[in-house]
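Notes follow the structure.
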Amino acid sequence: MLHEWKNYRFEDIKEVTRKMNIYPVDIMVTGVTGAGKSTTLNALFEREVAKVGRGVDPETMSVISYKLNEVARLWDTPGLGDGVEKDRLHERAMVDTLLKTYTYESKLYGFIDMVIVIIEGINRDMGTTYKLLKDVILPHITPDRVLVAINQADVAMKGRNWDYTSNSPNQELLDYLDNQAISIKKRVREGTGLDIKLPVYYSAEQSWNIGAFYDFIIDNMPVERRKI
Ligand SMILES: Nc1nc2c(ncn2[C@@H]2O[C@H](COP(=O)(O)OP(=O)(O)OP(=O)(O)O)[C@@H](O)[C@H]2O)c(=O)[nH]1
Ligand SMILES: [Mg+2]
């Protein structure tokens, strides 16, 4: 089934931006290198806007924004886990983005309205994600504006229990993903002290559950500008 994700729940997002009186809402997409941030953007745009890594090398090297439509803009970021030197640069670029401000009626506001942290379905090591949350994100934006989502649902069990014909998981994989979501929520709390909303899972590569991913974002959009 072909979706027009670009216009998905357009009126709902528009209503949120109308209430906040900002156009568009700015959403920063973060996560360790290879989590699938750029692939996620491409899934939403339904074309290759962001360059995706094809080898073992990380792909995105700077923060780049893409306007999805009149009401939503997405910010792709470079992933951490690419060596000490590069991580430092990438962290700086993300912090700079989170520190971007604008003035409206002589008050100062943060440019980025919300942050999505993308985790891989096969999340071996959560350490880099904790670091991202603790050192980069949480010092600069309040936790209610931070969401965690699980990508690569298709390979969460190393490709097992994914039906490539119907392009969907079987019940066993679904159960596994449900447990993963609960487990990640718990681990994030233990690792960072942050009590996140139960993550949704999806596959950017297979375009599966993109609607749930997008609903998660839309239903948890902030209600006001980000005061600094
Ligand atoms: N199987 C599977 N592979 C995926 C999925 N999403 C992304 N990938 C693959 O993971 C690799 C990395 O994807 P990217 O989108 O470049 O990851 P990124 O998070 O943008 O990485 P950096 O730009 O290095 O931070 C690519 O080979 C993608 O094809 C998914 O849902 N399932
Ligand atoms: Mg990328």
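The values are calculated or read from the model by the stated rules, or taken from the named source; none is laboratory data. Because the structure is predicted, anything quoted here is derived from the model rather than measured. Cβ: placed from backbone, ideal geometry, glycine included. Neighbour counts: every protein chain shown. Keep in mind that these areas ignore ligands, DNA and RNA; they rest on the heavy atoms of the full protein, side chains included. Shrake-Rupley method; radii C 1.70, N 1.55, O 1.52, S 1.80 Å.
A few remarks follow.
- Fraction of accessible area attributable to carbon and sulfur, the chain (%, probe 1.4 Å): 50
- On a per residue basis, the chain carries 49 Å² of accessible surface, using protein heavy atoms and a 1.4 Å probe.
- Mean projected area (nm²) of the alpha-carbon convex hull when segment 128-171 is viewed from all directions: 4.5
- Rounded to the nearest 10 Å², the accessible area of D57 at probe 1.4 Å: 110
- Ligands, DNA and RNA aside, D12 has an accessible area near 70 Å² when probed at 1.4 Å.
- Cα pair count fraction exceeding 21 Å, expressed as % - segment 26-106: 30
- Comparing segment 152-228 with the 2.2 N^0.38 Å rule of thumb, its C-alpha radius of gyration ratio is 1.29 (two decimals).
- Qualifying chymotrypsin sites (Phe, Trp or Tyr not before Pro) in segment 124-228, where qualification requires a DSSP coil assignment and no more than 13 other C-beta atoms within 10 Å, comprise Y164.
- Cross-link table K14/K186; K86/K227; K67/K100; K37/K186; K37/K86; K14/K134, entries beyond 25 Å C-alpha to C-alpha: K14/K186; K86/K227; K14/K134
- The calculated P(r) of the chain, using every Cα pair and 5 Å bins from 0, goes 1, 7, 15, 19, 20, 18, 12, 5, 2, 1, 0, 0 in percent.
- Of I141, I22, I116, the one that fluctuates the most in a GNM where the chain has Cα springs shorter than 10 Å: I22
- The mean sequence distance of close C-alpha pairs (under 8 Å, at least 6 residues apart), as a share of the length of the chain, puts its relative contact order at 21 percent.
- Rg/Rh for segment 37-168, where both radii come from Cα atoms and Rh is the Kirkwood radius: 0.99
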